[in-house]
Each structure stands twice: as C-alpha cells, then as structure tokens.
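The values are calculated or read from the model by the stated rules, or taken from the named source; none is laboratory data. Just so it is clear, the structure is predicted and the values come from calculations on it, not from any experiment. Reconstructed Cβ throughout: ideal geometry from the backbone, glycine too, with neighbour counts over all protein chains shown. For accessibility, only protein heavy atoms count, side chains too; no ligands or nucleic acids. Shrake-Rupley method; radii C 1.70, N 1.55, O 1.52, S 1.80 Å.
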Amino acid sequence: MTKVLVDGIEVDVPPEYTLLQACEVAGAEIPRFCFHERLSIAGNCRMCLIEVKGGPPKPVASCAMNVRDLRPGPNGEPPAMFTKTPMVKKAREGVMEFLLINHPLDCPICDQGGECDLQDQAMAYGVDASRYAENKRAVEDKYIGPLVKTIMTRCIHCTRCIRFTTEVAGVNELGAIGRGEDMEITTYLEHAMTSELQSNVVDLCPVGALTSKPYAFTARPWELGKTQSVDVMDAVGSAIRIDTRGREVLRILPRNNDDVNEEWISDKTRHVVDGLRTQRLDQPYVRVNGRLTPASWAEAFAVIAGKVKSAGAAKIGAIVGDLAGAEEMFALHDMMTRLGSANIDARQDGAPFDPKAGRATYLFNATIAGIEQADALLIIGANPRREAAVLNARIRKRWRQGNFPIALIGEKADLTYSYDYLGAGAETLASLGSTKFAEAFKAAKNPLIIVGAGTLARKDGAALLALAAKTAADFGVVKDGWNGFSVLHTAASRVAALDLGLVPGEGGKTAAEMANGAADVVFLLGADEIDVKAGPFVVYIGTHGDRGAHRADVILPGAAYPEKSAIYVNTEGRVQLANRAAFPPGDAREDWAILRALSDQLGVKLPYDSLNALRQAMFAAYPHLMRIDAIAAGDAADVAKLAKAAGTPDKAPLRSGITDFYFTNPIARASAIMAECSALAAGAHKTAAE
C-alpha cells in the first residue's frame, strides 16, 4: 500500500490505483466522462484534471496516471493531490467550455435529460455564456440496429461505447473514423450490431448520443417509480431495476451486482418490456365446444373441480414452467401432495437432474464470480453466449487476462473468445485424456467444467451428466477449496424447483409422460416449452396467449415476474428476491393466490392466506431459501457419487438447448422488439453461412 494525501487527508491505496481512484477512496468527487472502472483507460475527455504535488507542474488527468508514478516530497513526505484548488477549477471549466462548443444543447428534447452526466457536470463547471460564435459541428445519425438510437451531433468522443463493444461484448463493430473535428463513431458500414449485450452502451454513454430506441420519447426519469428486482430471462439472475408509470412497466435497467452481472444486462432482459403488454391473459377462459370462451373465476374453478374429481389422484399431474417463482411452485407441490398425486415435474425439457443426487449435481458450483479464479475451462454442450450472455462476458473477461485455455465439446459457435474445438459428441468427452488440451486441463490449479443443461435434455442425458462428472473427477476439477463442476441452466425457475423437490415422486410420471397422455388432468404452471398431446384435460396458469394457453381447456390468468413478489434461485444456487413493480392486468392474479383459491374448491385447502404465511411454511421446510443473496453450497462428494453412475451416452452430437436467443419464453415471443432482433440475427447468421 502507498500513502498519499488528498486535499490534506491521508489514505493508504494500492500502487496500481489511478489517481482518480485514490481521490475517491479519500472521499473526493472527481468528474469524468471517459473513465469507467470496467473499461480500459482512454484519457480522452480531460474532465478529471487535478493538481499534483510530486507530479508534473500542470493539471494532471487523474484517470491516466497511477499512484506508483508519483514522487514523494524532498523529506519523504507522501505525494499530495488537490482536487479543489483554483487551478483545478479553472482547468475543468475550460474543458467543459470546449466540450460544449459543438454540443447541440438540446436537453428539452433529449431522452437523456434528467440522468445525463453532461448536464450534471455543466451545472458544476459550466458557464452561462459561450465565447464561441462559430457554427456548431453537425454529424449525421448512424443506423446501428433496432435497439440503440443515435444522435451523433451530441457525441463528445469519450469512446466508452467502442471500448465496451470491443472489450466486454467481444465484437469489433463500433469504431472511430476521421480525425479531430471530423471524427465520428460508427459501425463503418452502418449495419446493425450483433452483440447480445449491445444496449449497455446506452447506460455507458455520458451524453444523449446513444439512447434506447424502443424507449424514445416515452417518459422522463422523475415520472417513474423505481423497483429493485431480478431478471428471469435466463438463469443468471441479473440484478435489475424496473421503472414503472402507473400500472405499466416502461423500462428495465441494470443494477450493480459484482457477484452476478457486474453492471451489464442482456438485450433480452432490457427490451422484453413490450412483451409484458402484448397477448396478455387478463381473465379466465373455459373451452366450450372447442372454443375458449370468457368465464368467471368461480365457473373456471367449478369445471376444474369436476374434472379432478372424476380423474382420480393417480391421473392428475402438474408441469412447471421456466419463469415460475419459488412460492407458487411450493404451493403447487403442496396442493398436488394433498390431492395424493406424485405426478409433478419442473423439468419440462426432460433434463435428468435429481434432487436426491445432491445439490452439487445441478448447481454452477464454481459460482459466476468464481470464473475469474479459474485457470482452464472445458465447455460441454453449451453455448454461453446464447444461454447466458452476461456470464459469457465474465468468461471473456477472464480470457482477456491471459493464461486461460478454453476447449469446447459440442456445436461450434462464435463465443467472443478463442477456444480449442475438440469435437461434437460424447465420445470426444470420453477420450479427453488423449487430447492436447488435457495436459493444460490436468495441470490447472482451478479447472472449470461448464455443462449445458440443455444438452442433457435427451434420452441419454443421465449417462452424459455422469460422464461429465467422471471427467471432473479424473481431472481434479473437484478438490479441497474448489468445486469446478458447474451446470449452466437456462430456466430461471429450475434450481429452485429442484431444491423444492418438484420431480416425480414414487411411481410418478415425468413431464414427457404426462404430455403424452399418462395423466387425465394436467396443470401447466406457465409451462409453454412442452407440447401436450390431445387427450388430457389441460389447466393453464400463465400470463400470455402462448403454446400452453392454445392447448388449454381452462385458462387461469397469472402474474408476470414484474407483477409479483417472488423468490428465485439462480444457476449458482444464489437465492434472490424479485419485488413487485406493477400489478397484473384485468382479473389476473398472483399464481400462488390462484392455487390457494383453487385448492379450496378442490377440497384440499392450503393452510396459508397470505404471501408471508406461505413463505413461513416454505422457509420452515427449506431454510436456505430465506437467506437472500446467499448460496448454500452443494456437497462436493455428490459429484464423485454421480461420476460412478452407470450408463453409456450415444454418439449424437451435443447441442445447446437454445436455438434462438431472443425467443426463449412466452414474454419474449410476445415482444415485437425481440421479433425484429431475431429476424436480424437470423439474417446475419444466414449471410455469414453463405
């Protein structure tokens, strides 16, 4: 640690800290436009000027100089920095004056108004009149896709967007052309950006040059209610903020969580908002003479009660979807148990995970932040870029630090980092020891295996999972202080469902068996990724007119994730709380409340009348679910037991469970923005293939 003085305050900071970071440790606020903690240093804007005693005799850009570069005083005094001297104030005012020479000053019609760094800093360092009478520079707006709107006349050339797309997103699509006054930021050929993280440039832009195209001219920030929540578009559980006006969700923004998503979110997470308003189910429906007709709750419950009574316990089943919260899953499981049925399954894709095998057999045991401690990576049947774009950015972050060999078994894909392609099938995994990569993997101190949950959704999935565990055991992936055996789930509800035991009980039917007619009455709790064949009477509890609703005989309208308070567990086993930001439309109700009312009609009344009472019952049975933002680690010995399981996988190639990043759930499929992105991605893929 190095001692430095900041405005007379002595602090100890690491020598690799920039002067800007050292000043912030001491509590001094340093204005900046180009500097960002997660991006490389550019030193473009010069707004962060400070005065340094023990440095150059002029204002210093504090972002571009390290503490180790400072000289001590003549008698060994620590270097001194000053952030409030007249020289610093004058220098910053001069920089601000230069920045505003060409800026159009169109705040009243700018979407960034009210949350703009340039506005805030102009209040502190701007002057009330300009000394420049020349015409302002004008720049043509660029097309860079359907998600990011450009007004490039406002651009101050901080290059944050360029550095983000190149360094974090891993696509070299944004860059600068021209020099000086003629410099412009563009995609060169003005084509749409292809990254699944591209909209983060809107948050990074300190002015209004890059704004959200779908959100353009919708609302001002002071009109919005802001609610902290978590994302359910994938199993990463990114921290988000949901902004609402009245009953309507208007936008979703990222929150900082260094352990999960840092401060990035995927484009699907951010722009799925219009899907929350489209094709919504807002009242119960009952199928009469082949047509779904509106009904009251009492009528719908009466029809269900009649069917359940005539079916018998052994012929009643339930399938849980990918977006369900822990509370409604617990209530559904409780209701099915009271009905005497063991036919319940949350694995609608058929993946072979079994809670009895232990939590370590289905968690991302290394944790998302733990990727940065890994020193070798083997990806088995996963495409992290499509399945968990934010997690893929974390892998790329570790890869950029160097000494991180990566190998892939499965489909070839552009993952934004280089890797050794070993092969497509399970036989490649079985013969991993004979590959060149095996040497580096065996020598690694913290080797990491990522198994795609989607690739296990096939008949030999259990044998494939056991083979992955055997590989982990053979190569020392699980050892004291490190468990690198990590399953990458794609469904937000899956880990909580497995924790709650939502798999068939003794003699119970699987989701596939129920869908193929093994049950006479099937409850679908938001299950839209499975096709139920003709025959069973289907009760659909969900939010959108998607596959499940089209097949349903009775529809009970539920609440989407921003419309309910629910607990989710992400792929690493982290318990997370999603808070309610809005209310469901029409007669729709929260899913647990629907199940509570329905259980009363079915004669198996659930013993909780409030969400709090339900949670108390759930916490009593599963105490780890009450520890928000904590991970109850699995037992590493369970991975060793799994490795000894019998079975030989077949030779079919391993494939990711997601083919279209933008269409993975009913909310996304209802979104016009996601449809446009999907069409663009398909066109880009086709062009690349040609």
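Below, the figures for the structure above:
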quantity: Qualifying positions in the range 666-682 - open to solvent by less than 20 Å² (accessible area, probe 1.4 Å), in contact (Cβ under 8 Å) with a residue 40 or more places away in the chain and in contact with an Asp or Glu (Cβ under 6 Å, 6 or more places away or on another chain); calculated: Pro666, Ser671
quantity: Residue list for the range 537-559, filter: without any contact (Cβ under 8 Å) to a residue 24 or more places away in the chain and touching a helix residue (DSSP H, G or I) at 6+ places or on another chain (Cβ under 8 Å); calculated: Val538, Tyr540
quantity: Residues that are touching a strand residue (DSSP E or B) at 6+ places or on another chain (Cβ under 9 Å) and of a type outside the set (Val, Ile, Thr), drawn from the range 161-184; calculated: Cys161, Leu174, Gly175, Ala176, Gly178, Met183, Glu184
quantity: Complete set of residues in the range 394-437 that are open to solvent by less than 10 Å² (accessible area, probe 1.4 Å), among the aliphatic types (A, V, I, L, M) and not in a loop (DSSP other than H, G, I, E, B); calculated: Ile395, Ile406, Ala407, Leu408, Ile409, Ala426, Leu429, Leu432
quantity: Check on Ala511, hydrophobic (A, V, I, L, M, F, W, C), modelled with pLDDT under 95 and open to solvent by 10 Å² or more (accessible area, probe 1.4 Å); calculated: no
quantity: Neighbours by Cβ (under 7 Å, 6+ apart or cross-chain): first from the range 459-471, open to solvent by less than 10 Å² (accessible area, probe 1.4 Å); second in a helix (DSSP H, G or I) and of a type in the set (Val, Ile, Thr); calculated: Ala469/Val639
quantity: Filter result (part of a strand (DSSP E or B), under 19 Å from Asp258 (Cα atoms) and of a type in the set (S, T, N, Q)) within the range 228-247; calculated: Gln228, Ser229
quantity: Residue check for Ala351: among the aliphatic types (A, V, I, L, M), part of a loop (DSSP other than H, G, I, E, B) and either modelled with pLDDT under 95 or buried (at least 23 other Cβ atoms within 10 Å of the Cβ) (or both); calculated: yes
quantity: Checking Val575 against (1) more than 13 Å from Pro284 (Cα to Cα); (2) among the β-branched types (Val, Ile, Thr); (3) buried (at least 24 other Cβ atoms within 10 Å of the Cβ), the condition it does not meet; calculated: (3)
quantity: Among (1) touching a residue at least 60 places away in the same chain (Cβ under 8 Å); (2) surrounded by fewer than 22 Cβ atoms within 10 Å (Cβ to Cβ); (3) of a type in the set (S, T, N, Q), the one test that Ser341 misses; calculated: (2)
quantity: Residue, farthest from Asp499 (Cα to Cα), within the range 354-376, restricted to residues that are in a helix (DSSP H, G or I) and open to solvent by less than 10 Å² (accessible area, probe 1.4 Å); calculated: Ile371
quantity: Filter result for the condition that a residue is farther than 14 Å from Met96 by Cα, touching a residue at least 12 places away in the same chain (Cβ under 8 Å) and more than 29 Å from the chain's Cα centre (by Cα), over Ala124, Ala138; calculated: Ala138
quantity: Candidates Thr435, Thr471, filtered to the one that is farther than 24 Å from Pro352 by Cβ, modelled with pLDDT under 95 and among the hydroxyl-bearing types (Ser, Thr, Tyr); calculated: Thr435
quantity: Pick from the range 278-292, criterion closer than 28 Å to Lys605 by Cβ and open to solvent by less than 50 Å² (accessible area, probe 1.4 Å), ranking: nearest to the chain's Cα centre (by Cα); calculated: Leu281
quantity: Complete set of residues in the range 231-290 that are closer than 19 Å to Ala219 by Cα and either in contact with a Ser or Thr (Cβ under 6 Å, 6 or more places away or on another chain) or among the hydrophobic types (A, V, I, L, M, F, W, C) (or both); calculated: Ile240, Ile242, Val249, Leu250, Ile252, Leu253, Arg270, Val272, Val273, Asp274, Gly275, Leu276
quantity: Filter result for Ile667 (in contact with a helix residue (DSSP H, G or I) (Cβ under 9 Å, 6 or more places away or on another chain), at negative phi and either in a helix (DSSP H, G or I) or among the polar types (S, T, N, Q) (or both)); calculated: yes
quantity: Residues within the range 494-514 that are of a type in the set (Val, Ile, Thr) and outside any helix (DSSP H, G or I), tallied; calculated: 2
quantity: Selection from the range 57-76 of residues that are under 44 Å from the mean Cα position of the chain (by Cα) and either part of a helix (DSSP H, G or I) or farther than 17 Å from Thr2 by Cβ (or both); calculated: Pro59, Ala61, Ser62, Cys63, Ala64, Val67, Arg68, Asp69
quantity: Residue within the range 133-155 that is open to solvent by 40 Å² or more (accessible area, probe 1.4 Å) and β-branched (Val, Ile, Thr) present; calculated: no
quantity: Thr490 surrounded by 24 or more Cβ atoms within 10 Å (Cβ to Cβ), of a type in the set (S, T, N, Q), in a helix (DSSP H, G or I) and in contact (Cβ under 8 Å) with a residue 24 or more places away in the chain; calculated: no
quantity: Those residues of the range 438-457 which are under 19 Å from Pro384 (Cα atoms) and either outside any helix (DSSP H, G or I) or open to solvent by 30 Å² or more (accessible area, probe 1.4 Å) (or both), in sequence order; calculated: Pro447, Leu448, Ile449, Ile450, Val451, Gly452, Ala457
quantity: Filtered residues of the range 163-184 (kept if open to solvent by less than 30 Å² (accessible area, probe 1.4 Å) and either aliphatic (A, V, I, L, M) or at negative phi (or both)); calculated: Arg163, Phe164, Thr165, Glu167, Val168, Ala169, Val171, Glu173, Leu174, Gly175
quantity: Single residue of the range 64-102 satisfying the filter (surrounded by 13 or more Cβ atoms within 10 Å (Cβ to Cβ) and in contact with a Gly (Cβ under 6 Å, 6 or more places away or on another chain)) that is farthest from Val52 (Cα to Cα); calculated: Met96
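Conditions (1) within 27 Å of Tyr568 (Cβ to Cβ); (2) of a type in the set (A, V, I, L, M, F, W, C), marked per residue:
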residue	(1), (2)
Ala295	no, yes
Ala298	no, yes
Ala305	no, yes
Ala311	no, yes
Ala318	yes, yes
Asp322	yes, no
Gly325	yes, no
Met329	yes, yes
